[in-house]
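Structure, as structure tokens:
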């Protein structure tokens, strides 16, 4: 993928903020011609920065080559504060309260291992975090998806 310029990044940001935005709305918000916005979207789809749905992003194309799954052990009285703290970290993509080993699971994106280390240090500085365990993602075989669930639900007969 060629390097993304500021317009590409602003376009992607608007698509993340409002996945139902129309090309005409995007061109107006960004201050560019409709054809420019449309051609940029096509190029982002063709190069893979935007995935096939047209709203999901390829983190690697954005320069985030490292994805890690972090299990966090938390002092239970501090759980809400830890989640609030995680919300402030830009590299934290999602957070789930879990059962089993650990209390919280989060997915973190980083540009490289040094950037990941900095993010993990930020997590460890959050009041209430006792320890973390990090697993690196080596390759994404199946991206996040909901289509199979919806297809199965759509095959069921209506109860009405």
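Return the pair list, or none, for Cβ contacts closer than 9 Å from residues in the range 55-71 that are at positive phi to residues that are at pLDDT below 95 and crowded, with 16+ Cβ neighbours inside 10 Å, at least 6 apart or on different chains.
Final answer for the pair search is 63/4.
Evaluate the following for residue 140: is it touching a residue at least 40 places away in the same chain (Cβ under 8 Å) and within 20 Å of the chain's Cα centre (by Cα)?
Working: touching a residue at least 40 places away in the same chain (Cβ under 8 Å): yes; within 20 Å of the chain's Cα centre (by Cα): yes.
So residue 140 fits the description; yes.
Is there a residue in the range 87-102 that is in a helix (DSSP H, G or I), touching a strand residue (DSSP E or B) at 6+ places or on another chain (Cβ under 8 Å) and under 22 Å from residue 16 (Cα atoms)?
Just the residues of the range 87-102 that are in a helix (DSSP H, G or I), to begin with: 87.
Checking the rest, the ones that are also touching a strand residue (DSSP E or B) at 6+ places or on another chain (Cβ under 8 Å) come to 87.
Applying the additional criterion that residues be under 22 Å from residue 16 (Cα atoms) yields 87.
Checking the range 87-102: at least one residue is in a helix (DSSP H, G or I), touching a strand residue (DSSP E or B) at 6+ places or on another chain (Cβ under 8 Å) and under 22 Å from residue 16 (Cα atoms).
If the Cβ limit is 8 Å and pairs must be 6+ apart or interchain, which residue in the range 24-43 that is over 16 Å from residue 4 (Cβ atoms) pairs with which residue that is modelled with pLDDT of 95 or more and not in a helix (DSSP H, G or I)?
Close Cβ pairs (under 8 Å, with a partner that is modelled with pLDDT of 95 or more and not in a helix (DSSP H, G or I)) amount to 27/33.
Does the range 105-128 hold any residues that are more than 17 Å from the chain's Cα centre (by Cα) and buried (at least 21 other Cβ atoms within 10 Å of the Cβ), and which are they?
123
What about residue 118, is it under 25 Å from residue 6 (Cβ atoms) and in a strand (DSSP E or B)? Full working, then the answer.
Values: under 25 Å from residue 6 (Cβ atoms): yes; in a strand (DSSP E or B): no.
Judged against the criteria, residue 118 is not a match.
What is the residue count in the range 72-103 for residues that are within 17 Å of the chain's Cα centre (by Cα) and either crowded, with 19+ Cβ neighbours inside 10 Å or touching a residue at least 12 places away in the same chain (Cβ under 8 Å) (or both)? Lay out the reasoning, then the answer.
Within the range 72-103, the subset within 17 Å of the chain's Cα centre (by Cα) is 83, 86-96.
Of the ones still in play, those that are also either crowded, with 19+ Cβ neighbours inside 10 Å or touching a residue at least 12 places away in the same chain (Cβ under 8 Å) (or both) are 83, 86, 89, 91-95.
So the answer is 8.
Could you list, in sequence order, all residues of the range 123-142 that are more than 16 Å from residue 67 (Cα to Cα) and in a helix (DSSP H, G or I)?
124
The values are calculated or read from the model by the stated rules, or taken from the named source; none is laboratory data. All values reported here derive from a predicted model rather than from experimental measurement. Using ideal geometry, Cβ is built from the backbone for each residue, glycine included, and neighbour counts are taken over all protein chains shown.
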